[in-house]
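So the structure is just underneath, and the comments pick up after that.
FYI, it's all coordinate maths here, none of it is from the lab. Model, not experiment: these values are computed from the prediction. Neighbour counts are summed over all protein chains in view; Cβ atoms, including those assigned to glycine, are modelled from backbone coordinates with ideal geometry.
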Amino acid sequence: MPVITLKCYATLAAYNPPKGEMTVPESTNLAGLVEMLGIPPGEVKLMFVNGRGARQDQVLSEGDRVGLFPPVGGG
Amino acid sequence: MAPDFSGFGRQELVRYARHFVLPEVGPEGQARVKGARVLVVGAGGLGSPVALYLAAAGVGTLGIVDHDVVDLSNLQRQVLHGTSSLGRSKVASARERIREANPHVEVVSHQLRLTSANALEVLEGYDLAVDGSDNFPTRYLLNDACVLQGKPYVYGAVDRWEGHVSVFAAQEGPCYRCLFREPPPPGMVPTCAEAGVLGTLPGVVGTLQAMEALKLVLGAGDPLVGRLLVFDGLALSFRQVHLPRNRECPVCGDEPTQTALVDYDLFCGLEPEPSPPEREDLPQIAPGELRELLAGPSPPFLLDVREPYEWEIGNLGDQGAVLIPMGELQRRMGEIPRQRPVVVYCHVGVRSALVVEALRAQGMDGVWNLRGGYLAWADEVDPSLPRY
């Protein structure tokens, strides 16, 4: 099963796994990852894999670096 | 050919001396800066460093948009304003401070809230816009207006310890809508007032925005087009992620479906789905009704879910209110009596509405929201309470 690096930003920081790493089942995509983490729908506004914007259906691979962002709007 | 300093007076030659020696600026670049017209939307946490640094750098014309007045709680981060400006319009306060920073800058005051009706007209006179706003409708509005007029939009946003910076220049890269296709549901994203923001954070992010604006004016370096810079103040780290342009973007895509401004409050869900305090299905009580209940034979349990510092500013303790901050509620549920009606209040009634919903979802039926919160109570029942 792939081991990924995960960083949840800003208000999502509480969902960060210990040491920033987690193991996901084979064929897990980003939508599945968000569900696994228990993040309420709609709270993730941006998803990045290996520094590039990604869609919900992107399947995760060994060593992927995933970033999840909430909307940030303060000024 | 000898450098041409003819466009600068003696004072300016000294003032901009450190720019003149930079190869990327020099007299030609400084002349471009002097001829630049930059619109700063919001004279708050981000707008403060943006306006101050652009003014100090010699941007010839700075437009400042804001409709608010200076509040004491602004001064922890909004360095454009001082204690003597409390209660004044932010635009007037900003104008005075900018002119003090650099009298060679022309400041154009736009004392207004940017809307679909005025945005294109306001933006028309400027080369680019810098976003220091604090709400999503204004961000979408400014993005769309900039796309429609083909002008770069320097984006910045802050939350607690984290900030974002990017440059949206739709001819070359993505726009804000490519990044955030749909606005977040109303009330989901806490404001700076609710979530907090470290005072220096907008200083860092706004200064980066000012730098990007100057680079765009100068045509120097690589602007943050197609890249999002994420600053984490706790880790003190900067990360960059690459942003793809969405070819199906309704505003900047290959075949745009939106070619004019729309109603951005509506787009962000602020009208069709009213904010919690106005929802018809939310049990609410007006301040006057609460006063009568509290004076009656079976007064309700009065629950204050604000933060402790807010309680210190003013509270309804003399009416029997008990403070349980929203974040501690789950742990302290046992302190809420089940046999008495409960009235929940916060600052203006938004956080307390969420608490009322949560308590009702847990089976507590006799729970009401104080409509308009602490501020409405202060307005309608007890004017002696301090406002904030």
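Working note: Cα atoms of the stretch B:227-356, range along each principal axis, descending, whole Å: 68, 39, 26. Enter the Cα centre distance for the pair the stretch B:133-177 and the stretch B:332-388, rounded to the nearest angstrom. Their Cα centres are 36 Å away from one another. When each full DSSP H helix of chain B is screened for a Cα extent of at least 24 Å along its own axis and an average Kyte-Doolittle hydropathy of at least -0.5, the helices passing are B:201-218.
On a 20 Å Cα-Cα criterion, which of the cross-link pairs B:K34/B:K215; A:K19/A:K45; A:K45/B:K215; B:K90/B:K151 come out too long? Don't skip to the answer; put the middle values down first.
Values: B:K34/B:K215 13 Å; A:K19/A:K45 23 Å; A:K45/B:K215 29 Å; B:K90/B:K151 25 Å.
Beyond 20 Å between Cα atoms: A:K19/A:K45; A:K45/B:K215; B:K90/B:K151.
Look at the stretch A:2-13: the mean tally of other chain Cβ atoms within 10 Å of its residues' Cβ atoms is 3. Counting only the Cα atoms, the stretch B:1-40 fills a convex hull of 89 Å³ per residue. Under a 10 Å cutoff between Cα atoms, tell me which one of B:Y140, B:Y345, B:Y153 has the largest fluctuation in the Gaussian network model of chain B. Looking only at B:Y140, B:Y345, B:Y153, the largest GNM fluctuation is found for B:Y345. Using a Gaussian network model of chain B whose springs link C-alpha atoms within less than 10 Å, name the residue from B:S352, B:S89, B:S237 with the highest mean-square fluctuation. Maximum among the listed residues: B:S237. With K and R counted +1 and D and E -1, the other residues having a Cβ less than 12 Å from that of B:L290 yield a net charge of -2.
Dividing the alpha-carbon Rg of the stretch A:3-69 by 2.2 N^0.38 Å yields what? Don't skip to the end; give the middle numbers.
Values: Rg = 10.5 Å, N = 67, 2.2 N^0.38 = 10.9 Å.
Against the empirical 2.2 N^0.38 Å value, I get 0.96 for the stretch A:3-69.
Explain nothing, just the number: dipole magnitude of the stretch B:209-356 about its Cα centre with +1 on each Lys and Arg Cβ and -1 on each Asp and Glu Cβ, in debye rounded to the nearest 20. Could the numbers behind the result be given before it?
Details: 13 positive and 22 negative charges, 113 e Å.
It comes to approximately 540 debye.
Full extension of the chain segment joining B:M364 with B:R18 gains 117.9 nm, where the gain is 0.36 nm per residue of separation less the Cα-Cα distance.
Only bridges with both residues in chain B count here: give the DSSP antiparallel percent, nearest 5. Write down the numbers at each step before the final one.
Values: 18 of 47 bridges.
Restricted to chain B, the bridges split so that about 40 percent are antiparallel.
Run a plain Debye calculation on the protein assembly as shown (Cα atoms as equal point scatterers, no solvent) and give log10 I(q)/I(0) at q = 0.09, 0.12, 0.13 Å⁻¹, rounded to two decimals, same order as the q list. Each listed q corresponds, in turn, to -0.69, -1.12, -1.25.
Using only atoms on other chains, find how many Cβ atoms lie within 10 Å of each Cβ of peptide B:238-248 and report the average.
Details: counts 0, 6, 1, 11, 5, 4, 4, 1, 1, 0, 0.
That average works out to 3.
In the elastic network of chain B, a GNM with C-alpha springs shorter than 10 Å, the most mobile of B:L293, B:L128, B:L39 is B:L293.
Of the trypsin sites (Lys or Arg not before Pro) found in the stretch B:348-388, those that fall in a DSSP loop while having at most 14 other beta-carbon atoms within 10 Å are B:R387.
Hand me the GluC sites (Glu not before Pro) from the stretch B:1-78 located in a DSSP loop with no more than 14 other Cβ atoms within 10 Å, in residue order please.
Working: sites: B:E12, B:E24, B:E28; in loops: B:E24.
Answer in residue order: B:E24.
Comparing Cα centroids, the stretch B:15-29 and the stretch B:293-326 end up 59 angstrom apart. Peptide A:61-70 is shielded by partner chain Cβ atoms: per residue, an average of 2 of them sit within 10 Å of its Cβ.
Filter the trypsin sites (Lys or Arg not before Pro) in the stretch B:202-256 down to the DSSP loop ones having no more than 12 other Cβ atoms within 10 Å, then list what survives. Don't skip to the answer; put the middle values down first.
On the way: sites: B:K215, B:R227, B:R239, B:R245, B:R247; in loops: B:R245, B:R247.
Taking the stretch B:202-256 and a limit of 12 other Cβ atoms within 10 Å, the loop trypsin sites (Lys or Arg not before Pro) found are B:R247.
Taking every DSSP beta bridge that has both residues in chain A, what percent is antiparallel when rounded to the nearest 5?
Details: 10 of 14 bridges.
So the antiparallel bridges amount to about 70 percent of the total.
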